[in-house]
Amino acid sequence: MEGLSESKLQLLRRRIHTFPDFPKRGIMFRDICPILKDPTALTAVIDLFEEHVKINQWEVDLIVGLDARGFLFGPLLAQRLSVGFVMVRKKGKLPGATVSVAYDLEYGKAEAEIQEDAVIPGQKVVILDDLLATGGTLFAACELMKKQGAQIQGCMVIIELTELKGLDRLRPHSVFSLVQY
């Protein structure tokens with residue numbers, strides 16, 4: 001099993017493209033679009049996330065996907081696990097009553113929200129996004145889940161930018177990343 005997982009990780013590393021100086025000078029942008037174009041790579045992402053959930057014996061009621069790229073992978077994992085999927089969005093993007101959390105970004109402030117009835121207190125959730133940088137968005141999602149009374153099993157991302165120390169902000173939550181830079 002480990003050899004199979006390693007070959008899937010190598011495939012992902014080959015598919016993630018790096019664009020220097022995007023969106024501004026000094027930034028190394030890690031692009032996941034090639035993963036989405038390759039059905040084998042996309043399946044590998046979901047396989048690896050599913051494997052992590054099963055190895056850790058997480059009970060999961062909902063996958064929580066973060067705006068916007070968490071929406072690409074979250075429903076696929078939710079379907080694989082036969083659980084529901086809910087969205088955490090930027091403020092003002094969801095209809096009906098919502099719960100929101102303000103948080104700091106490296107370049108300012110933002111607000112994330114979820115529909116008020118999206119999570120039932122006590123439900124077990126896994127939070128999913130494409131990238132962990134400073135941890136602001138994932139931290140906000142964790143805070144939203146606490147407000148909703150959810151039990152956070154863990155957070156999962158495809159890419160972790162380790163030098164930005166996003167893990168520090170997310171303690172004590174478990175964070176699993178497929179690829180680290």
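Sort the following peptides by mean Cβ neighbour count (other Cβ atoms within 10 Å, averaged over residues), highest first: 40-46, 92-98.
In decreasing order of mean packing, 40-46, 92-98 become 40-46, 92-98.
Within the range 37-128, list the chymotrypsin sites (Phe, Trp or Tyr not before Pro) lying in a DSSP loop whose Cβ has at most 14 other Cβ atoms in a 10 Å radius.
Qualifying residues, ordered by number: Y107.
Using θ = phi - 60° and the Karplus form 6.51 cos²θ - 1.76 cosθ + 1.60, what ³J(HN,Hα) does each residue of the range 68-80 get, whole Hz, x for Gly and Pro?
These are the phi-based 3J(HN,Hα) values: 10, 6, x, 6, 7, 9, x, x, 5, 5, 4, 4, 4 Hz.
Running a GNM on the chain with Cα contacts under 10 Å, which residue among A110, A78, A140 ends up with the highest mean-square fluctuation?
The residue with the greatest mean-square fluctuation here is A110.
Would you mind finding the longest exposed-site-free stretch of the chain, with exposed GluC sites (Glu not before Pro) meaning DSSP loop and at most 12 other Cβ atoms within 10 Å?
Maximal segment without exposed cleavage sites: 107-181.
Name the residue from C142, I16, L178 whose Cα lies farthest towards the positive end of the charge dipole of the range 2-180, charges +1 on Cβ of Lys and Arg and -1 on Cβ of Asp and Glu.
I16
What share of the DSSP beta bridges in the range 2-180 is antiparallel, in percent to the nearest 5?
Working: 14 of 36 bridges.
Once the DSSP bridges in the range 2-180 are tallied, antiparallel ones form about 40 percent.
Most mobile of V83, V64, V157 per a Gaussian network model of the chain (Cα springs, under 10 Å)?
Fluctuation is largest for V83.
Please go through the residue pairs K24/K165; K54/K90; K93/K124; K37/K165; K109/K165; K8/K93 and name each one whose alpha carbons sit more than 26 Å apart in this structure.
Over 26 Å Cα-Cα: K54/K90; K37/K165; K8/K93.
With each label point set 7 Å from Cα along the Cα-Cβ vector, what nm distance links Q180 and E111?
Here the modelled spin labels are 3.6 nm apart.
Using a Gaussian network model of the chain with C-alpha springs under 10 Å, which one of G122, G26, G74 is most mobile by mean-square fluctuation?
Result: G26 has the largest fluctuation of those listed.
Is there a quick way to get the dipole size of the chain? I mean about its Cα centre, with the Cβ of Lys and Arg at +1 and of Asp and Glu at -1; what is the value in debye to the nearest 20?
340
Throughout, read-outs are computed from the coordinates displayed, never taken from laboratory work. Note that this is a predicted model, so its numbers are computed, not measured. Virtual Cβ from ideal backbone geometry, glycine too; neighbours counted across all protein chains shown.
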